[in-house]
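What follows is a short report on a single structure.
The values are calculated or read from the model by the stated rules, or taken from the named source; none is laboratory data. Predicted model only: the values in this text are computed from it and were never measured. Please note: Cβ atoms are built from the backbone with ideal geometry, for glycine as well, and neighbour counts cover all protein chains shown. To get the accessible areas, we keep the full protein, side chains included, count just its heavy atoms, and leave off ligands, DNA and RNA. Shrake-Rupley method; radii C 1.70, N 1.55, O 1.52, S 1.80 Å.
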Amino acid sequence: MAKQLRVGVVGAGNISREYLETLTRLPGVRPTLIASRDFTHSQAAVARFPDIRAVPLSELYASDQVDLVLDLTTPAAHAEVSQAALAAGKHLYGEKPLATTTAEARSLLATAAKTGLRVGCAPDTVLGTGIQTARACLDTGGIGTPVAASAFMAIPGHEQWHPNPEFYYRAGGGPLLDMGPYYLTALVTLLGPVQRVVGMTGTSSGTRFIGSGPRLGTAFAVEVATHVTGVLHHEGGALSTLIMSFDVWKNSLPKIEVYGTAGSLSVPDPSSFTGNVLICCSGASVWSTVPVSGGYSEASRGFGVADMARAISTGAAHRASAELAYHVLDIMEGLHASAKSGDTRQIESRCERPAPVPAGALPEYA
């Protein structure tokens with residue numbers, strides 16, 4: 001690459017350390033500054049990274065040492081941070097979801113289009129060897145023509161472990177907007193964009209209680225659906241069944257499976273970069289492991305930023321794109337709207353399946 005992409009991080013929560021660990025070891029990117037609403041949090045986040053400075057938000061946006069803003073704030077703050085970054089002339093990469101509503105996201109994309117700036121969005125877990133090996137298997141006809149898929153994420157809720165879980169249960173949260181991007185991005189990567197959806201939702205309780213940390217036992221209000229189920233009709237004809245829930249104490253459901261005319265494919269957890277892909281072809285009675293055949297090796301949070309840096313340098317498309325993230329947000333909004341109206345919802349947005357990641361590729365060259 002001609003130069004490193006200099007990254008300014010906004011948000012100093014736990015996930016910032018994961019990103020910084022990755023970005024400081026990849027050659028195509030260099031984190032330079034970090035800012036958050038609480039300056040002490042920023043200082044703590046970079047205590048182990050002497051080359052990164054903690055600064056006020058205004059200084060980060062104005063700095064000529066930042067080419068791209070990495071937004072690691074909570075979903076409710078994404079629109080504000082995104083618009084500020086673009087207004088300052090910086091490329092943008094954000095944590096999922098792209099925004100809390102498609103209306104906010106459209107405004108963001110319109111600003112980016114006017115300024116010629118790039119926007120990327122997590123999850124980048126689909127760039128790892130797990131999802132990319134599954135994609136390579138599907139693309140080479142490993143199970144014939146895909147006809148259906150299932151995707152399940154069912155847990156008791158983040159308040160069991162998170163010391164400040166309220167934002168997971170407010171607008172922009174819930175199991176679908178929190179964990180759905182991992183599963184839906186994987187499904188779109190594997191099977192292509194979605195044409196229409198039907199959904200139903202439920203909320204088990206209007207109040208939850210913090211289960212760990214110094215606020216143990218504190219009650220808080222639930223403002224969103226905590227169980228979402230739906231069916232997605234993909235453009236290619238496949239039907240995906242989805243369950244996203246914070247209401248399940250224990251289950252034995254698979255993460256993702258794809259069912260084809262010549263076999264079935266078991267796909268690893270899409271919130272992880274790795275994991276074994278299993279296949280059972282017609283006539284066989286047991287699963288067998290698919291050899292790794294795609295994806296960035298040893299990937300971790302931040303590889304989407306590095307992939308974007310490579311794309312900016314070469315003029316190519318980046319894989320963790322805003323268009324893909326917008327389509328996923330459109331699907332999630334459609335599921336909630338369908339649940340409210342009782343009707344099937346057409347998904348108006350479309351996106352291209354991102355280019356596959358070759359096996360063993362490095363993000364600065366792939």
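Taking only protein heavy atoms and a 1.4 Å probe, what accessible area per residue, in Å², does the chain have with all protein chains in place?
Details: 15030 Å² over 366 residues.
That works out to 41 Å² per residue.
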From highest to lowest solvent-accessible area (probe 1.4 Å; ligands, DNA and RNA excluded), Phe209, Phe303 read Phe209, Phe303
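Taking the Cβ of Phe246 as the center, what net charge do the other residues with Cβ under 9 Å away carry, scoring Lys and Arg +1 and Asp and Glu -1?
Details: positive: Arg208; negative: Glu159, Asp178, Asp247.
Within the 9 Å Cβ shell, the charges total -2.
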In order over the range 96-109: 3J(HN,Hα) from phi, Karplus 6.51/-1.76/1.60, θ = phi - 60°, whole Hz, x for each Gly or Pro, gives 6, x, 4, 7, 7, 9, 5, 5, 4, 5, 4, 4, 4, 5
Rounded to the nearest 10 Å², the accessible area of Thr314 using a 1.4 Å probe with every protein chain kept is 90
If each K or R counts +1 and each D or E counts -1, the residues other than Arg350 whose Cβ falls under 13 Å of its Cβ total -3
Once all protein chains are kept in place, Leu92 shows an accessible area at probe 1.4 Å, nearest 10 Å², of 0
Rounded to whole angstrom, the alpha-carbon centroid of the range 1-79 lies from that of the range 185-242 at a distance of 30
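Is there a quick way to get the dipole size of the chain? I mean about its Cα centre, with the Cβ of Lys and Arg at +1 and of Asp and Glu at -1; what is the value in debye to the nearest 20?
On the way: 27 positive and 30 negative charges, 50 e Å.
Magnitude of the dipole: close to 240 debye.
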Calc'd 3J(HN,Hα), the range 310-319, phi into Karplus 6.51 cos²θ - 1.76 cosθ + 1.60 (θ = phi - 60°), Hz, glycine/Pro = x, comes to 4, 5, 4, 5, 9, x, 7, 7, 8, 7
Residues whose modelled amide H sits under 5 Å from the amide H of Ala149, counting only those 5 or more places away in sequence or on another chain, are Leu239, Ser240, Thr241, Tyr259
Percent relative contact order for the chain, counting Cα pairs under 8 Å at least six residues apart, stands at 21
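Counting each DSSP H run of 4 or more residues in the chain as -39500 (n - 2.57), what helix-only mean residue ellipticity at 222 nm follows after dividing by all residues, to the nearest 500 deg cm²/dmol? Display every interim value, and only then the final one.
Numbers: 9 runs with 108 residues, N = 366.
Rounded to the nearest 500, it is -9000 deg cm²/dmol.
Return the carbon/sulfur percentage of the accessible area of the chain, one whole number, probe 1.4 Å, all protein chains in place. Spell out each step's value before the answer.
On the way: 8130 of 15030 Å².
Summing carbon and sulfur atoms, their accessible area is 54 percent of the total for the chain.
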In the chain the DSSP beta bridges are antiparallel at a rate, in percent to nearest 5, of 55
Along the range 16-32, Karplus-curve 3J(HN,Hα) (6.51, -1.76, 1.60; θ = phi - 60°) to the nearest Hz, with x for Gly and Pro, reads 4, 5, 4, 4, 5, 4, 6, 5, 7, 10, 9, x, x, 9, 8, x, 10
